Amino acid sequence: MAASDESPMVRPTVQELTAAGVEEPPRQYVLPEQDRHGDLLAADEFPEPTPLIDLSRLTDADEAERLRAALQTWGFFLATNHGIEDSLMDAMMSVSREFFRQPAEEKQKCSNLVDGNGKDYQVEGYGSDKVVSEDQVLNWSDRLHLRVEPEGERNFAKWPSHPESFRDVLQEYASRTKKIRDLVLRSIAELLEIDEDYFVNQISNKASGFARFNYYPPCPRPDLVLGLRPHSDGGLLTILFNDDNVGGLQIQRDGRWYNVPTKPHTLLINLADCLEIMNNGIFRSPFHRVVTNVEKDRLSLAVFYAVDAETMLEPAPGLLDDKRPSRYRKMLAKDFVAGLFEHFRQGKRFIDTLKI
């Protein structure tokens, strides 16, 4: 029986299932056989050197061309010399781990379910994705999802008070990723030979930015379960801080999955769907997923940047002419976001429905 959108079903967190010592994942987490295509872990190793971009050298023609090649081939790159000190990155990962190691009752103070009754689900807070039906396949992960932009709309009631340094560290980290966002967007505009501020100017003071802390506990059957279902990010740009010690992120190209290598103190930056539309599909947002690990837990922090809800999504005028027509139908950003959830549940890209 399907639940209404107003009454998400309450389930134990994945961390609680792991602590209880489950030997088989509950059926709600197991992918249907037709979606598994054999062993989920049977991905290929990355077929070429990882696209590594030095953000301090983007004005250099050779580095800019390396960025172009990475975006055209994969839609993502690993960023070095990004301006965030190793010490701040270490502190960010440390307080994140400390949050998830707290007792359940402490984490539930930040719950994304109002009053813990399951009747009022919020995007912000600690928990998991909204459950709307009994047949929904769940991700083997818990999360803490917090708004960081606009700064005046940060809901500190959902920000952890323990560890005590969490809020200060996140605020400093978010201020740095915002600068990286603008640098990368200007660099992409220059590659496309349009006004360097075109994409930055699409971000109003109302545009949202969210930090999502993803925690993937060990899974007894990683061949049957995904930490995060296949999807492309729906916003503008994603800046991801991956666990250095445990892999799990995979990206699809030409129908094949590839393991994305990790590198200490780098950031993985990928395009999202709204930016794909705005650049008229010259650079695409990557289709990706996260697999689980039977022995080790994994933690990542993704900062998702979006455009204002009232923004009309369409290719930049400078990228359209008689030989380059628009590849996508126009749509308001808020309507695009509304269509994302159902396609995410199905492991599909909503953006593909807008192609002309």
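The values are calculated or read from the model by the stated rules, or taken from the named source; none is laboratory data. Since the model is a prediction, treat every value here as computed from it, not as a measurement. Every residue, glycine among them, receives a Cβ derived from its backbone with ideal geometry; neighbour counts consider all protein chains shown. SASA here: full protein model, heavy atoms, side chains in, ligands and nucleic acids out. Shrake-Rupley method; radii C 1.70, N 1.55, O 1.52, S 1.80 Å.
To keep it simple, each residue is scored yes or no on (1) within 24 Å of His265 (Cβ to Cβ); (2) among the aromatic types (Phe, Trp, Tyr); (3) under 20 Å from the mean Cα position of the chain (by Cα).
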| residue | (1), (2), (3) |
| --- | --- |
| Tyr198 | no, yes, no |
| Ser204 | no, no, no |
| Asn214 | yes, no, yes |
| Cys219 | no, no, no |
| Leu224 | no, no, no |
| Arg229 | no, no, yes |
| Gly234 | no, no, yes |
| Leu237 | yes, no, yes |
| Leu240 | yes, no, yes |
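If I ask for residues that are farther than 23 Å from Pro286 by Cα and touching an Asp or Glu at 6+ places or on another chain (Cβ under 9 Å), which ones from the stretch 60-80 would you list?
Quick first cut of the stretch 60-80, residues farther than 23 Å from Pro286 by Cα only: 60-62.
Residue satisfying the conditions is Asp60 alone.
Check off (1) β-branched (Val, Ile, Thr); (2) touching a residue at least 24 places away in the same chain (Cβ under 8 Å); (3) farther than 17 Å from Tyr216 by Cα for Val114 and give me the number that stays unchecked.
(2)
Identify, by number, the condition in (1) buried (at least 16 other Cβ atoms within 10 Å of the Cβ); (2) within 30 Å of Leu138 (Cα to Cα) that Lys178 doesn't meet.
Among (1) buried (at least 16 other Cβ atoms within 10 Å of the Cβ); (2) within 30 Å of Leu138 (Cα to Cα), Lys178 violates only (2).
Identify, from the list Lys130, Lys206, Lys109, Lys178, the residue that is within 24 Å of Met89 (Cα to Cα) and not hydrophobic (A, V, I, L, M, F, W, C).
Numbers: Lys130 fails: within 24 Å of Met89 (Cα to Cα); Lys206 fails: within 24 Å of Met89 (Cα to Cα); Lys109 fails: within 24 Å of Met89 (Cα to Cα).
Of Lys130, Lys206, Lys109, Lys178, the one residue that is within 24 Å of Met89 (Cα to Cα) and not hydrophobic (A, V, I, L, M, F, W, C) is Lys178.
Checking Glu172 against (1) under 23 Å from Thr266 (Cβ atoms); (2) buried (at least 19 other Cβ atoms within 10 Å of the Cβ), only one condition comes out false. Which one?
Single failed check for Glu172: (2).
Just name the residue that is nearest to the chain's Cα centre (by Cα) out of those in the stretch 280-310 that are surrounded by fewer than 24 Cβ atoms within 10 Å (Cβ to Cβ) and within 13 Å of Tyr328 (Cβ to Cβ).
Arg284
Are any of the residues in the stretch 202-214 basic (Lys, Arg) and either open to solvent by less than 30 Å² (accessible area, probe 1.4 Å) or not in a loop (DSSP other than H, G, I, E, B) (or both)? Show your work before the answer.
To start, the set of residues in the stretch 202-214 that are basic (Lys, Arg) comprises 206, 212.
Subsequent filtering for residues that are either open to solvent by less than 30 Å² (accessible area, probe 1.4 Å) or not in a loop (DSSP other than H, G, I, E, B) (or both) retains 212.
Checked the stretch 202-214: at least one residue is basic (Lys, Arg) and either open to solvent by less than 30 Å² (accessible area, probe 1.4 Å) or not in a loop (DSSP other than H, G, I, E, B) (or both).
Can you list the strands (runs of 3 or more DSSP E) lying wholly within the stretch 254-305 that have 1 or more residues being farther than 30 Å from Ala19 by Cβ? Spell out how you get there, then give the answer.
Numbers: elements: 256-259, 267-271, 288-291, 298-305.
Hits in the stretch 254-305: 256-259, 267-271, 298-305.
What number goes with the only condition from (1) in a helix (DSSP H, G or I); (2) closer than 30 Å to Glu65 by Cα that Arg167 does not pass?
(2)
Among the residues of the stretch 330-345, count how many are charged (D, E, K, R) and modelled with pLDDT under 90.
Residues that pass the stated criteria total 2.
Let me spell it out: the conditions are (1) open to solvent by 20 Å² or more (accessible area, probe 1.4 Å); (2) polar (S, T, N, Q); (3) under 15 Å from the mean Cα position of the chain (by Cα), and Ser165 meets all of them except one. Which number is the exception?
With (1) open to solvent by 20 Å² or more (accessible area, probe 1.4 Å); (2) polar (S, T, N, Q); (3) under 15 Å from the mean Cα position of the chain (by Cα) applied to Ser165, the lone miss is (3).
Among the residues of the stretch 315-347, how many are without any contact (Cβ under 8 Å) to a residue 40 or more places away in the chain, surrounded by 15 or more Cβ atoms within 10 Å (Cβ to Cβ) and part of a loop (DSSP other than H, G, I, E, B)?
Here the count works out to 1.
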